[in-house]
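Working notes, beginning with the structure itself.
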Amino acid sequence: MNLKHPWRITSAAGLLSLPLLLSGCSLFGNESASIDPPPSTLEQSMIKAVSGKETVSTGQLRAVFLQDHNGLLAPISLPIATGDVQADAKSALETLVEGGPYAGLLPEGFKGVLPQGTEVKSVTVDKKNKLAVVEFNKSFANYKPQEERKLMESLTWTLTDRPDIESVQIWVDGKKLNEMPVDGTPLDHPLTRAVGINLEVGHGVSPLDSSPVTVYFSSSSPAGVQYYVPVTRLVSPEKDRVQSALHQLIQGPQLEDGLQEVMTGETALKSVERSKDNVITVSLSDDMFAKGEAVPAEFLESVVLTVADNSEDAAKTKIRIELNGEKSVIGQNNQNYGEPVAKPQHINEIPL
């Protein structure tokens, strides 16, 4: 069965008039713990030959939010971290600079959103308040007005991908910014994931009477590699945020912008149940799947990612999936989603 249908999403640049901080949104990622060996000298030479740039890689994976070839932001896991929170935050931001020191590590079809020439002068992390204070040089302001929200989303979601950073304050050349330098978006409070990502308004919904949910759809790189893209959608308020998010996941995309449905037209949400040990059981039905049939990983992983990011604590939540009454649900990746699974520590490991 082919689930890869085009979908649609509203341009974030057209939503700059929306409130910057969306109430009730607390979507924090979890810390990367696995370590991969650094690329060999030969691999580094190959990267330099392709990109024309020296690339530094320390081998520990860290997610950064890059712009894909459709103009959407997606988390891409790159081997750039050392384990030190401030050093890792600085290197993560440097991957977002167009033509920056990590340009050779970016997969085909992805790029950073910080203007070329931007320097990350310092990153200081207040561990008690989980606040990252970032100082850039003046080249940070060399972007177009319509790019302002995307830039804010990218750097905020990149820095808050680990649990020891929950908010971000921006400085430029020794001065704290009270508003963004180009289009004037207010910075009255430190930035959090409440800014949303790839922000859009649900059909028939008023932004002033709405709640944000973040759902994960699928996309493909120019080389045909599948990856997941988070979309924050403003929807009519519901009591259960996880159920609301799953309804939007089933509903699928809104605008044509390179994303693909992960559910079929037959998918229905039967129930969402929570246990005392932070396990959320999602019961779905879909007549497209026969008993015992392996289910596409995109279908199941999107449920896991969506449920985790709309739960109270993504790092501690585990998800079980039941399908058509079956308690054993095997994905085409051979994982049993009928057993509790956590949000993956690393997603979108895309080869160069």
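The values are calculated or read from the model by the stated rules, or taken from the named source; none is laboratory data. Values in this document were obtained by computation on a predicted structure and should not be read as measured data. Cβ sites come from the backbone with ideal geometry, for glycine too, and all protein chains shown count toward neighbours. Each accessible area value is taken on the protein alone, full model and side chains, heavy atoms only, with ligands, DNA and RNA left out. Shrake-Rupley method; radii C 1.70, N 1.55, O 1.52, S 1.80 Å.
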Subject >> For the range 119-172, accessible area per residue (1.4 Å probe, heavy atoms of protein chains only), Å² >> reply: 40 Å²
Original post:
Over the heavy atoms of Thr82, what accessible area does a 1.4 Å probe trace out, to the nearest 10 Å²?
Top reply: 80 Å²
Subject >> Proximal aspartates and glutamates relative to Lys316, as straight alpha-carbon distance under 14 Å, when same-chain residues fewer than 8 apart are discounted >> reply: Glu31, Asp277
Subject >> Binned Cα-Cα distance frequencies in the range 208-271 - 5 Å width, integer % >> reply: 4, 17, 25, 23, 17, 9, 4, 1, 0
**OP:** Once you've got the Cα coordinates, tell me which of Lys138/Lys175; Lys318/Lys343; Lys111/Lys150; Lys90/Lys121; Lys130/Lys343 are over 18 Å apart.
**Re:** Lys130/Lys343
Original post:
Can you give the Kirkwood hydrodynamic radius of the range 237-352 from its Cα pairs, in Å with one decimal?
Top reply: 14.7 Å
**OP:** Report the FRET efficiency, 1/(1 + (r/R0)^6), for Asp84 and Lys111, where r is their Cβ-Cβ distance and R0 is 25 Å, rounded to 0.05.
**Re:** 0.45
Original post:
For Ser328 and Arg274 in one chain, what is 0.36 nm times their gap in residues minus the Cα-Cα distance, to one decimal in nm?
Top reply: 17.6 nm
**OP:** Give, in nm to one decimal, the length gained when the segment between Asn336 and Ser122 is fully stretched (0.36 nm per residue of separation minus the Cα-Cα distance).
**Re:** 72.7 nm
Original post:
At what distance in nm do the modelled label points of Asn129 and Asn142 sit from each other, each positioned 7 Å from its Cα along Cα→Cβ?
Top reply: 3.2 nm
Original post:
Expressed in nm to one decimal, what extension gain is obtained for the pair Glu256 and Asp240 from 0.36 nm per residue of sequence separation less their Cα-Cα distance?
Top reply: 2.9 nm
**OP:** Let me have the relative contact order for the range 154-298, percent, based on Cα pairs under 8 Å that are six or more residues apart.
**Re:** 15 percent
Subject >> With eigenvalues of the C-alpha gyration tensor scaled by 5 and rooted, the range 266-314, Å >> reply: 22, 12, 10
Original post:
So, with a 1.4 angstrom probe, what is the percent of accessible area on the range 87-210 that is carbon and sulfur?
Top reply: 47 percent
**OP:** With label points built 7 Å along Cα→Cβ from the Cα atoms of Asp173 and His69, find their separation and express it in nm.
**Re:** 3.8 nm
Original post:
Given the range 53-188, what percent of its DSSP beta bridges are antiparallel, to the nearest 5?
Top reply: 70 percent
